[in-house]
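So the structure is just underneath, and the comments pick up after that.
Every read-out reported here was derived from the displayed coordinates using simple, explicitly stated rules and does not represent laboratory data. Given the structure is predicted, the values throughout are model-derived calculations rather than measurements. No Cβ is skipped: glycine too gets one built from the backbone with ideal geometry, and neighbour counts run over all protein chains shown.
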Amino acid sequence: MELTDRKTPFVMHAGKVMHASKDETKAPVDEKVDRAQELGAFLRARRESLDPQRLGLPRYGRTRTPGLRREEVAQLAEIGITWYTKLEQGRPIRVSAKVLQAVASALQCTDTETRYIFTLAGLASPASGVSRQICRLMPNAVQTIVNQLHPLPAVLQNEKYDIVAFNHAFCRLINRDLNLVPLEERNCIYLALTDPQIRTVLQDPQQVIAHMAARLRAQMAAHLGDPAWERYLQRLLACSPEFSNIWHQNRVCATTDHIVCYRYAGLGALEVLQTNWWSLPVAGERLLVYVPIDDANREILHKRISANAS
């Protein structure tokens with residue numbers, strides 16, 4: 001017999017049907033509400049931790065609330081006080097990346113704190129210079145790591161495919177001694193388009209360039225309107241009709257491990273898996289390590305690295 005007029009809901013516990021309590025029948029808390037409340041609590045704590053005198057803000061009267069007032073944060077961020085109040089109260093309101101960045105700046109947030117509030121707001125984290133700063137401050141350490149990966153070819157790139165560090169095995173892989181390449185030309189896309197030595201060993205140059213172009217387009221979404229990125233793109237478009245044709249196909253792709261094939265005179269084809277590694281959660285500099293796909297390709301790579309440079 002089917003019961004169709006149940007006024008009290010039932011739940012299963014260890015295989016037994018039991019009456020559910022009121023708490024057990026409540027709808028789950030909206031994750032967005034939780035995030036909004038967490039964001040509001042963090043913004044308030046951050047606001048109250050700031051010293052208005054250090055920021056050059058005047059003090060009126062003998063007493064005031066700890067830290068900055070909401071009005072002062074709104075003024076510094078150049079947004080409305082009503083809007084900021086709702087944000088700090090944890091109301092699930094829509095917020096743009098531009099406005100949230102302004103709030104983060106007004107509250108003197110660090111890169112980590114800024115990424116945190118963007119995550120709570122459900123927005124993509126803004127581009128960060130943290131990984132770039134580490135690479136600039138510790139270039140010797142980075143180069144040591146890359147060198148220690150030998151005999152596996154390895155190269156460190158930034159978001160624009162500029163080459164930051166490389167080892168000897170990578171130079172043999174691409175058939176080019178990068179020590180002899182001017183710094184301003186050490187860019188993987190630019191070299192794949194313009195350097196005849198590198199193009200000679202790429203089994204399918206167009207496919208390689210198409211993959212890099214698609215990933216570059218995906219990367220540029222976070223840098224639209226950035227003059228440095230626009231100049232970089234125009235340089236690539238101007239140096240090669242091939243790249244221009246590929247770029248205007250408007251393709252994008254994610255960063256994934258994939259097989260790349262090289263071909264050398266006297267050795268034949270070499271297939272290696274390009275693996276991608278980041279030292280920080282925020283994608284910036286990327287370490288590419290090339291691993292032969294099997295023993296036969298490992299032997300080809302060994303012979304290539306061991307042979308005298310041609």
J(HN,Hα) series, region 234-241, from Karplus relation 6.51 cos²θ - 1.76 cosθ + 1.60, nearest Hz, glycine and proline x: 4, 5, 5, 5, 6, 7, 7, x
Cβ-based net charge around ARG46, under 11 Å, with every Lys or Arg adding one and every Asp or Glu removing one: -1
Extension gain (nm, one decimal) between ILE81 and ILE293, 0.36 nm per residue minus Cα-Cα: 70.4 nm
Hydrodynamic radius (Kirkwood) for region 31-120, which is based on Cα pairs only, to one decimal in Å: 13.3
